[in-house]
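The values are calculated or read from the model by the stated rules, or taken from the named source; none is laboratory data. Quick caveat: nothing in here was measured; it's all calculated off a predicted structure. Cβ: placed from backbone, ideal geometry, glycine included. Neighbour counts: every protein chain shown. The accessibility values were calculated without ligands, DNA or RNA, using every heavy atom of the protein model including side chains. Shrake-Rupley method; radii C 1.70, N 1.55, O 1.52, S 1.80 Å.
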Amino acid sequence: MNRADIKRIFEAYFEKYKKTEGDRTAWSAVWLESTAAGVLELNMTKCPKGTTFKIFVNKKKESQVLGWDSYFATMDEISARFPDLYDEDKLFTEMEFVI
């Protein structure tokens, strides 16, 4: 799946499922993917400083990055460190299905 499609799907998912972080200046949406290799949690937050992604593997925070370019680079690293955990085609096809 190409990056433009991933961004479009994740942004649409965010708009549908976002929740406020309390003061209504920050909003988050979380996607949880359970696989035989473990659990991947993607948290997208939008706030005045920009779009932030928090990535958790098996409930442990692996990374927090700002912006889409950093997100894609980090997910490449996560894929290398945790083989079989992140199947972007499967994940974003499922995400698109629920929006």
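List of remarks:
- Close pairs (6 angstrom Cβ cut-off, 6 or more residues apart or separate chains): farther than 11 Å from T45 by Cα in the stretch 10-28, in a loop (DSSP other than H, G, I, E, B) anywhere: A12/I99; Y13/I99; K16/I99
- Inside the stretch 22-51, residues that are basic (K, R) and not in a loop (DSSP other than H, G, I, E, B) make up a count of 1.
- Selected residue (criterion: most open to solvent (accessible area, probe 1.4 Å)) from residues of the stretch 49-78 that are over 13 Å from the mean Cα position of the chain (by Cα) and under 14 Å from E33 (Cβ atoms): K59
- Residue list for the stretch 1-24, filter: open to solvent by less than 50 Å² (accessible area, probe 1.4 Å) and either at pLDDT below 95 or small (G, A, S) (or both): A12
- Any hit, the stretch 25-37, residues being hydroxyl-bearing (S, T, Y), surrounded by 14 or more Cβ atoms within 10 Å (Cβ to Cβ) and at pLDDT below 95: yes
- Once the stretch 68-80 is narrowed to residues that are touching a residue at least 12 places away in the same chain (Cβ under 8 Å) and not hydroxyl-bearing (S, T, Y), the residue that is nearest to F10 (Cα to Cα) is W68.
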